[in-house]
1. Identify all residues within segment A:71-96 that are surrounded by fewer than 16 Cβ atoms within 10 Å (Cβ to Cβ), modelled with pLDDT of 95 or more and β-branched (Val, Ile, Thr); write none if there are none.
2. Output the qualifying pairs, or none if there are none: Cβ atoms under 9 angstrom, residues six or more apart or on different chains, first residue in segment B:94-118 and away from chain C (no Cβ under 14 Å), second residue at pLDDT below 65.
3. Out of C:Leu52, C:Leu97, I need the residue that is over 30 Å from B:Leu162 (Cβ atoms), within 8 Å of another protein chain (Cβ to nearest Cβ) and modelled with pLDDT of 85 or more. Which one?
4. Residues of segment C:36-89 being hydroxyl-bearing (Ser, Thr, Tyr) and in contact with a Cys (Cβ under 8 Å, 6 or more places away or on another chain), which ones?
5. Output the qualifying pairs, or none if there are none: Cβ atoms under 6 angstrom, residues six or more apart or on different chains, first residue in segment B:205-227 and touching a residue at least 24 places away in the same chain (Cβ under 8 Å) and over 30 Å from B:Glu155 (Cβ atoms), second residue acidic (Asp, Glu) and in a loop (DSSP other than H, G, I, E, B).
6. Based on what the data block shows, is B:Trp51 more than 7 Å from chain C (Cβ to nearest Cβ), at pLDDT below 80 and within 24 Å of the chain's Cα centre (by Cα)?
7. If a residue counts only when it is within 16 Å of the chain's Cα centre (by Cα), which helices (runs of 4 or more DSSP H) contained entirely in segment B:68-180 have at least 2 such residues?
8. Restricting attention to segment B:196-210, which residues are closer than 20 Å to B:Pro71 by Cβ and not in a helix (DSSP H, G or I)?
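The values are calculated or read from the model by the stated rules, or taken from the named source; none is laboratory data. What you are looking at is a predicted structure, and each value in this text was computed from that prediction instead of being measured. Cβ placement follows ideal geometry from the backbone for every residue including glycine, while neighbour counts extend to all protein chains displayed.
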Amino acid sequence: MANPRFSIGDEVTVRDETTLFHTRTQKFARGRTGVVVEHRPEWVIPEDEAFDRMETGRKEPFYVVRFKQTELWPGYTGQSIDTLESEFSERWLVPA
Amino acid sequence: MTSMHDGHDGHNTFPVSSKVSEFEILELAVRELAIEKGIFSAEDHRRFAEWADGVGPHGGSKLVAKAWSDPAFKEKLLTKGTEACKEVGIDWLQPTGTGTPSDYTFFYVLENTPKVHNVIVCTLCSCYPRPVLGMSPDWYRTPAYRRRMVNRPREVLAEFGLHLPDDVEVRVHDSNQKSRFMVMPMRPDGTEGWSEQELAEIVTRDTMIGVALPDPKVRVPVPAGEVHQ
Amino acid sequence: MTEARRYGVLHETLDDIGERTDVSLRCIEHEPEVWESRMQVTCECLSEGGALDNLERRHLEDRLGETVYARFPVQTRSALTVAHTLMDRGFFDEEELRSKMDQVREKMTVD
């Protein structure tokens, strides 16, 4: 993988951007902070893939980010140890 | 229907009848019109249908049973998911040579432990590991499951009859990108000395989604041998 | 967001399938009928062919399924949404669908 910007264990915040483009970054994750727990293979970002640019689309590293549920949902009713994991392309993440 | 739903009084709306239903007619009419308009071909449809008919949750059941029985295979399954699948006859590149449009080929198995219980959901659409689990159940595709599993997982699990201790972390995996996930439940007590085939029969679909736990008393038949694709 | 169109040909199928009765997630569990599996296959073909992307369809299913088709059982959402959207997009119109359904009905009940 070509030099991923983030390492496992890094704290990252998901960009809080609205977008008119096809994205797979959930609203509930935007602006939230979690920890990188795994790297994923580079892949064409969904913003380009949606326009059928699998050959020419921009490729980026992807990361699995683990959030504490209490970080995502202020009124979370489960246990404080509960977590949620999801994947993000590099452009959606900034250092926390 | 998995037998773990036994005892549920059911609210199905399908009467058993030999009459052709209006939805059978609608489905075929839409398909024929799409073919006539050149959106896809009858061959495209047949190829996908043949593939869809061939897959069910048995592949996943066999993977878990084999991993429970063979530590080396378990290691491979957890680190090289798609490669390990080939050992039970599942090729993630089928039926197109590149997978289906909505099942790309990064496959990861999530291991439950005494401290972590995994469960899968796709809030954006309904991504599902179809090569290993077959078609997703209706409830998996409903907004009620997709929206609530992320923010009220313990409540939703309780609706499925699964009550986890407070000190077990519930870890929800929202498959929002190209990865597909399957849960590997813990092997329950009372299965010592069981064959892989016997073990596979308690690894039901719901246990691999993460909304249930294997129960040695609840078995569903799994065809022996490799998965037919 | 504009209000969804109303297609009589789709609403007329409600009598046959019956009103939605599920009250919780577990109640929706049922063994899929053959047409449901075939419909999912059609959805894959439409997504691959670029006529209706899977993610977009799921959003439409959510929106239409909770509004115009709220009375229909959950398992009918893909079929209704696909037919509805292909008509909205002009791939075929309501009359074409109605006459195709008549043709299919005749073909399937003749034996």
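1. A:Val94
2. B:Thr105/B:Thr98; B:Thr105/B:Gly99
3. Details: C:Leu52 fails: within 8 Å of another protein chain (Cβ to nearest Cβ).
Going through C:Leu52, C:Leu97 in turn, the sole match is C:Leu97.
4. First, pick out the residues of segment C:36-89 that are hydroxyl-bearing (Ser, Thr, Tyr): C:37, C:42, C:47, C:67, C:69, C:76, C:78, C:81, C:85.
Passing the criteria: only C:Ser78.
5. Once the first residue is touching a residue at least 24 places away in the same chain (Cβ under 8 Å) and over 30 Å from B:Glu155 (Cβ atoms) and sits in segment B:205-227, its partners that are acidic (Asp, Glu) and in a loop (DSSP other than H, G, I, E, B) give B:Val222/B:Glu201.
6. Criteria met by B:Trp51.
7. Working: elements: B:71-79, B:81-86, B:130-133, B:138-141, B:143-151, B:153-159.
Of the helices (runs of 4 or more DSSP H) lying wholly inside segment B:68-180, those with at least 2 residues that are within 16 Å of the chain's Cα centre (by Cα) span B:81-86, B:130-133, B:138-141, B:143-151.
8. Result: B:Ile202, B:Val203.
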